[in-house]
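Engineer: Structure incoming, see below.
The values are calculated or read from the model by the stated rules, or taken from the named source; none is laboratory data. All of these numbers come straight from a predicted model, not from anything done at the bench. Neighbour counts are summed over all protein chains in view; Cβ atoms, including those assigned to glycine, are modelled from backbone coordinates with ideal geometry.
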Number of protein chains: 2
Amino acid sequence: MSAVTKAVLAISGGVGGAKLALGLADSLPPGKLHVLVNTGDDFRHMGLHISPDIDTLLYTLSERSNALQGWGLADESWNVMETLEGLDGDTWFRLGDRDLATHLWRTGRIDRGDKLLQITGQLARQMGIESHIHPMCEEPVRTTVHCEGRDLPFQQYFVKEQCGPAVTGFSFEGIAQARPNEQVMAGLNDRSFSSIVVCPSNPFVSIDPILQIPALWQALRDNQAPVMLVSPIVAGMAIKGPAAKMMAELGVPVTALGVAQHYANRYPGLIDVFVIDVSDATLAPEIASLGMEVTVAPTLMRNRQDKQRLAKIVLDLVLV
Amino acid sequence: MSAVTKAVLAISGGVGGAKLALGLADSLPPGKLHVLVNTGDDFRHMGLHISPDIDTLLYTLSERSNALQGWGLADESWNVMETLEGLDGDTWFRLGDRDLATHLWRTGRIDRGDKLLQITGQLARQMGIESHIHPMCEEPVRTTVHCEGRDLPFQQYFVKEQCGPAVTGFSFEGIAQARPNEQVMAGLNDRSFSSIVVCPSNPFVSIDPILQIPALWQALRDNQAPVMLVSPIVAGMAIKGPAAKMMAELGVPVTALGVAQHYANRYPGLIDVFVIDVSDATLAPEIASLGMEVTVAPTLMRNRQDKQRLAKIVLDLVLV
């Protein structure tokens, strides 16, 4: 890869997206990866501002994440949570001791008026990350999961109720007032990105909150850089999280084609290349008929090598 | 002590006051001690509501306090703080892992609208405390320390700057709007207290914020129960904290007499009995001339026995 490689913009939610982001970071020269991250599942919990997807990116890219657990930090301790349990406190959202330091640090900065953009940049630098992690916006956007008979704030649905209730839809409070991350918008305006990669994250609760920030998907589509999406559904299953369950409950085909239709309907003209897994190769013609180029590749990321290989495949789609 | 012993109300700041409160709790039947505690040094720190004096009472009365250190919990761990140090975070206010659980628990309840009164009562019960710990009021009152050339929020003066700057005065923002703890006021109205004990706490930043809540000291004075005060200054020194240094900087004699004058001037008629240390016996006549009865007793509390002995002396002043 030449030294003049332009930057790449990845769009990501939490765990699944962070895996590909790590592969991309490994495959690009230092500082060339920019990740625009969902903050729709941010929330205030016992006074602390928590940004779960940003933290998953921070911990994954700094190689501190607990890969086995799928969230939080490796080498974590639980003294605060244990004591909170003794007080009969809220412990459904597991806060490790070292993870808590991130939340305290961030909340202190927010409360004194610093921007999420600066806060995230400083956290990333302190963790030794050379990639750029961008919160999708400064304004609070809060994902609500509409379930049969009741509405749940995202973390309550996702963590407290462990995605149990059947979903009927989603809304993103505050999104109409949100303005997309100014550094990413400047990069798009300056044509700084050679390609845009939508990571294999949940379409409904990770990517939609980002793309539905007014003017963002148009800016991505109008940019000359190709937009590639890696399907989060492989062989009818979500690798991680509730995407497949949600699709079934919403009556959407639980396939990569269902995902492609979602994007084609909501964001016409946005996705240039749709990357599907080898196990879904037979879906290629139908996805292609939606007006997207289709690439078939091994998309499972079980280890670092898998991540790097998938990242290279995605990057090579453009760099040639 | 008979089973019909009436309740006792103690008025306290942090460490010094909590020592006598523990002695009082030991010396009274279960549930008969009520402690009205300063919340003027409460503050929000990295999103958390912290009530240092309430916590000192909770930890002392539940025998969890770190007596050697003078604050916080025994058997504490510091994983959060260590990680926060690695992030170059604010670590001037030391938050132990187990202590943090208290702050998280309390902040969660405050943010969902619970009253400090209920929150404190529940924390006390969960810690196995039979005495009643009462925050002085629900409204936020914030102590500002006026120093030469600048004003410092209390914790910044006390912890961050370690009481270094010379003080010129104090103010308590929000105190005009504060209403005294309703349970304590009800106890005073019902004549439930056989005696009222002002603990050996800092007069300026621990007791003044309580007594200056409108109508409180009049209610205490008008109550028929005798009010006893134990001098926080012994042999010209404060046992703990900056009281002596403050008195010197304010040009007040650094003696038990100086303390007595402070109370006589600010709260005429409030203090019935002034308890001074045996080392200060020669000051008795001058203090008596301020219109207070004077009791001379060993007031140093180095161990549990000392606390119990002083508590018994104070209680016997009334119970006879």
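Engineer: From the residues in region B:38-74 that are facing chain A (nearest Cβ under 10 Å) and part of a loop (DSSP other than H, G, I, E, B), which one is surrounded by the most Cβ atoms within 10 Å (Cβ to Cβ)?
Structural biologist: B:MET46
Engineer: While we're here: Can you pull out every residue in region B:255-275 that is crowded, with 21+ Cβ neighbours inside 10 Å and either out of contact with any Phe, Trp or Tyr (no Cβ under 6 Å at 6 or more places or on another chain) or of a type in the set (D, E, K, R) (or both)?
Structural biologist: B:THR255, B:ALA256, B:LEU257, B:GLY258, B:VAL259, B:TYR263, B:PHE274, B:VAL275
Engineer: Could I ask something else about it? Quick one: which residue in B:GLY121, B:GLY47 is among the small types (Gly, Ala, Ser), modelled with pLDDT of 95 or more and out of contact with any Gly (no Cβ under 8 Å at 6 or more places or on another chain)?
Structural biologist: Within the list B:GLY121, B:GLY47, the selection yields B:GLY121.
The rows are residues; the columns are (1) among the β-branched types (Val, Ile, Thr); (2) out of contact with any Gly (no Cβ under 8 Å at 6 or more places or on another chain).
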{"position": "A:THR5", "(1), (2)": "yes, yes"}
{"position": "A:LEU9", "(1), (2)": "no, no"}
{"position": "A:LEU36", "(1), (2)": "no, yes"}
{"position": "A:ASP53", "(1), (2)": "no, no"}
{"position": "A:THR56", "(1), (2)": "yes, no"}
{"position": "A:ASP75", "(1), (2)": "no, yes"}
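Engineer: Among the listed residues A:THR143, A:THR102, identify the single one that is buried (at least 20 other Cβ atoms within 10 Å of the Cβ), away from chain B (no Cβ under 13 Å) and polar (S, T, N, Q).
Structural biologist: A:THR143
Engineer: Here is a further query. Take the residues of region A:110-132 that are closer than 25 Å to A:GLY187 by Cβ and facing chain B (nearest Cβ under 9 Å): which is surrounded by the most Cβ atoms within 10 Å (Cβ to Cβ)?
Structural biologist: Among those that are closer than 25 Å to A:GLY187 by Cβ and facing chain B (nearest Cβ under 9 Å), it is A:LEU123.
Engineer: Quick one: in region B:97-139, which of the residues that are in a helix (DSSP H, G or I), in contact with a helix residue (DSSP H, G or I) (Cβ under 8 Å, 6 or more places away or on another chain) and small (Gly, Ala, Ser) is farthest from A:ASP90 (Cα to Cα)?
Structural biologist: Among those residues, the one meeting the criterion is B:ALA124.
Engineer: For the condition in contact with a Leu (Cβ under 7 Å, 6 or more places away or on another chain), in contact (Cβ under 8 Å) with a residue 60 or more places away in the chain and among the hydrophobic types (A, V, I, L, M, F, W, C), what is the one hit in A:VAL37, A:VAL80?
Structural biologist: None of the others qualify; the one that does is A:VAL37.
Engineer: What is the residue count in region A:254-267 for residues that are of a type outside the set (Val, Ile, Thr) and either in contact with a strand residue (DSSP E or B) (Cβ under 8 Å, 6 or more places away or on another chain) or modelled with pLDDT under 95 (or both)?
Structural biologist: So the answer is 4.
Engineer: Please specify each residue of region B:286-318 satisfying the condition of being in contact with a strand residue (DSSP E or B) (Cβ under 8 Å, 6 or more places away or on another chain), assigned to a helix (DSSP H, G or I) and either basic (Lys, Arg) or surrounded by fewer than 16 Cβ atoms within 10 Å (Cβ to Cβ) (or both).
Structural biologist: B:ALA288
Engineer: Next question, about the same structure. Look at A:VAL278 and say whether it is β-branched (Val, Ile, Thr), over 18 Å from A:SER12 (Cβ atoms) and surrounded by fewer than 21 Cβ atoms within 10 Å (Cβ to Cβ).
Structural biologist: The answer is yes for A:VAL278.
Engineer: For B:ALA243, are the conditions met, namely being closer than 25 Å to B:GLY174 by Cβ, of a type in the set (Gly, Ala, Ser) and crowded, with 24+ Cβ neighbours inside 10 Å?
Structural biologist: Here the answer is yes, as B:ALA243 does meet what is asked.
Engineer: Return only the number of the condition from (1) at pLDDT 95 or above; (2) touching an Asp or Glu at 6+ places or on another chain (Cβ under 7 Å); (3) surrounded by fewer than 21 Cβ atoms within 10 Å (Cβ to Cβ); (4) more than 8 Å from chain A (Cβ to nearest Cβ) that B:ASN79 does not satisfy.
Structural biologist: Exception for B:ASN79: condition (4).
Engineer: Okay, moving on. Do you know which residues across region A:82-94 are part of a loop (DSSP other than H, G, I, E, B) and either modelled with pLDDT of 95 or more or within 7 Å of another protein chain (Cβ to nearest Cβ) (or both)?
Structural biologist: Correct list: A:LEU87, A:ASP88, A:GLY89, A:ASP90.
Engineer: Restricting to region B:189-207, and then to whatever is of a type outside the set (Gly, Ala, Ser) and surrounded by fewer than 22 Cβ atoms within 10 Å (Cβ to Cβ), can you tell me which residue is nearest to B:SER12 (Cα to Cα)?
Structural biologist: Among those that are of a type outside the set (Gly, Ala, Ser) and surrounded by fewer than 22 Cβ atoms within 10 Å (Cβ to Cβ), it is B:PHE204.
Rundown of residues vs (1) within 18 Å of B:GLY13 (Cα to Cα); (2) among the aromatic types (Phe, Trp, Tyr), yes/no style:
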{"residue": "B:VAL145", "(1), (2)": "yes, no"}
{"residue": "B:GLU148", "(1), (2)": "no, no"}
{"residue": "B:PRO153", "(1), (2)": "yes, no"}
{"residue": "B:PHE170", "(1), (2)": "yes, yes"}
{"residue": "B:ASN181", "(1), (2)": "yes, no"}
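Engineer: Follow-up question, since we're still on this one. Every residue in region A:141-163 that is closer than 15 Å to A:GLN212 by Cβ and not in a strand (DSSP E or B), please.
Structural biologist: A:VAL141, A:PHE154
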